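In what follows, a structure is listed as structure tokens, so that the remarks can point back to it.
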Amino acid sequence: RKDVGILAMDIYFPPTCVLQDELENHDGVSKGKYTIGLGQDSMAFCTEVEDVISMSLTVVKSLLEKYKIDPKCIGRLEVGSETVIDKSKSIKTWLMQIFEECGNTDIEGVDSSNACYGGTAALFNCVNWVESNSWDGRYGLVVCTDSAVYAEGPARPTGGAAAIAMLIGPNAPISFESKYRGSRMAHVYDFYKPDLASEYPVVDGKLSQTCYLMALDSCYNVFCKKYEKLEGKQFSIHDADYFVFHSPYNKLVQKSFARLYYNDFLRKCSTVEEDSRTKLEPYSGLSSEESYQSRELEKASQQVAKHLYDSKVQPTTLLPKQLGNMYTASLYAALASVIHNKNETLAGQRIVMFSYGSGLTSTMFSFKISEGQHPFGLSNIVSILDVSKKLESRHVVAPEKFVAALKLMEHRYGAKDFTTSQDTSLLAPGTYYLTHVDSMYRRFYAVK
Ligand code: ACO
């Protein structure tokens, strides 16, 4: 089996969004805090007629139809999500409705969850299956679906929502370089959801930022070591064309890329320019602990990495800046962004991915890109993703309405015996939506 990876992709996000600029005014924070400070433009959110199940149904149905995939050809279905609707019944089982209809119930896989990392775990499961002896020749299907909502306060502007579906198989245009994977897994309390009566996480914002950057350093070092052992030469950021980061908000992505640059400097990579080396020299003696706290280092490394950020990272930031943190879908929405922006020049190039889930689990891995063959060609993927049109057709909602929607969903979370408004006026045809939850907590969906 050659070039196992992503054959096809589709993305769905709710038609409603709130502008970060308006949210700043509404929340009474200093002007620029969310737009420049966090680097975010707008944030997608689900209203009461949508949730992670309806979004995943919508995106799976859409992918199968648009790429003309017979549902019988799916042999494994894996879901990544951290939005808990049921503590036992997997989201995968709701998706089975689509396959049962076509007489296909022979599909392995369930849900994976660990904060924003579940989608990556699901993806690895599918890729490993296709590469294994138990593969039966059919496709794998990965779904990342999340609605990220936070309690009122500083974390609220870092929410978001989306679902992404990815078809997995051999001879893929986005194929895994499986040998270069670097992980860091550890026990920390940076972001977690211990209160089962609430959809909101408990979050130590500052700690989560440091944990993210520590995990990044560690994964990058393992990734580089594995590359160097196999290739017999040093790896530096110049060996990849794009870096795609899990994106809770854009500022952290800017800091992350600068951090990789600083790592290259510490690893004495010959690709670090003389001028940059001089600028980073004052920070060469910092302990790693000190380096995470140093504002001066942060500024200096962001400055020297700026030109490379513009070419290697900026094209990946479109959807995460527009939609916000989509948890498990964030990293893959960033991948979709670079495919959307750069598909004409991607063939032959390498994309490095960094997946982070609080708690914590993290992996750096890489893709090699090729043109692919119809219907799995890059240009077809771009036209099916249809990113620009989907973004343009969204409806901007006032912050007051966004807050009211969240309030309503706080009451609905874990509740039974209710009917939604069934107001589908903003939904596109083909979108699944929640109609009611009965006295046995059973959820019912319809398609517009
Ligand atoms: N103009 C420009 N920039 C501003 C302004 C302004 N008016 N006001 C503040 N800023 C800057 C700050 O300097 C800061 O930038 P810096 O990090 O470069 O210093 C940035 O805006 C954010 O301001 P803070 O005061 O640090 O923000 P606060 O602590 O209130 O909240 C946080 C930010 C911690 C990220 C919060 O939104 C949060 O907890 N989010 C959820 C946790 C999260 O996403 N963690 C990331 C990894 S884990 C995961 O994926 C869930």
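In the set (1) more than 16 Å from the ligand (Cβ to nearest atom); (2) buried (at least 24 other Cβ atoms within 10 Å of the Cβ), C116 fails one condition alone, (1). Taking the listed residues Y200, Y189, Y139, Y212, the one that is within 17 Å of the chain's Cα centre (by Cα) and either closer than 26 Å to M55 by Cβ or not assigned by TED's automatic domain parsing to the domain that holds R76 (or both) is Y212, with no other qualifying. Taking the range 263-292 as the range and being touching a residue at least 40 places away in the same chain (Cβ under 8 Å) and either among the small types (G, A, S) or within 16 Å of the ligand (Cβ to nearest atom) (or both) as the test, the residues that pass are S288, Y292. Of the residues screened, L331 is one that is surrounded by 22 or more Cβ atoms within 10 Å (Cβ to Cβ), closer than 20 Å to P14 by Cβ and not small (G, A, S). Picking from residues in the range 215-252 that are hydroxyl-bearing (S, T, Y) and within 16 Å of the ligand (Cβ to nearest atom), the one that is surrounded by the fewest Cβ atoms within 10 Å (Cβ to Cβ) is S218.
V84 falls short on exactly one of the conditions (1) more than 18 Å from the chain's Cα centre (by Cα); (2) modelled with pLDDT under 95, and that condition is (1).
Within the range 11-44, how many residues are within 15 Å of the ligand (Cβ to nearest atom) and either assigned to a loop (DSSP other than H, G, I, E, B) or more than 30 Å from K255 (Cα to Cα) (or both)? Final tally of qualifying residues: 9. Of all residues assigned to the range 48-64, none qualifies as being touching a residue at least 60 places away in the same chain (Cβ under 8 Å), of a type in the set (K, R) and outside any helix (DSSP H, G or I).
Could you please let me know if R350 is surrounded by fewer than 19 Cβ atoms within 10 Å (Cβ to Cβ), charged (D, E, K, R) and under 21 Å from the mean Cα position of the chain (by Cα)? Yes, satisfied.
Picking from A172, A163, A151, A186, which residue would you name as being away from the ligand (no atom under 12 Å from the Cβ) and surrounded by fewer than 20 Cβ atoms within 10 Å (Cβ to Cβ)?
A186
Whether any residue in the range 313-328 is assigned to a helix (DSSP H, G or I), without any contact (Cβ under 8 Å) to a residue 60 or more places away in the chain and within 30 Å of Q20 (Cα to Cα) is what I want to check. Among the residues of the range 313-328, at least one is assigned to a helix (DSSP H, G or I), without any contact (Cβ under 8 Å) to a residue 60 or more places away in the chain and within 30 Å of Q20 (Cα to Cα), which makes the answer yes. Consider K299 carefully, then state whether it is at pLDDT below 95 and out of contact with any Asp or Glu (no Cβ under 7 Å at 6 or more places or on another chain). So K299 does not fit the description; no. Return the residues of the range 68-126 that are within 13 Å of Y139 (Cα to Cα) and among the β-branched types (V, I, T); say none if nothing qualifies. The answer is I69, I74, I107.
State yes or no: is F257 assigned to a helix (DSSP H, G or I), more than 13 Å from the ligand (Cβ to nearest atom) and under 30 Å from K33 (Cα atoms)? Yes: the conditions hold for F257.
The values are calculated or read from the model by the stated rules, or taken from the named source; none is laboratory data. Not measured: the values here are computed from a predicted model. Don't worry about glycine lacking a Cβ; one is built from the backbone with ideal geometry, like all the others, and counts go over all protein chains shown.
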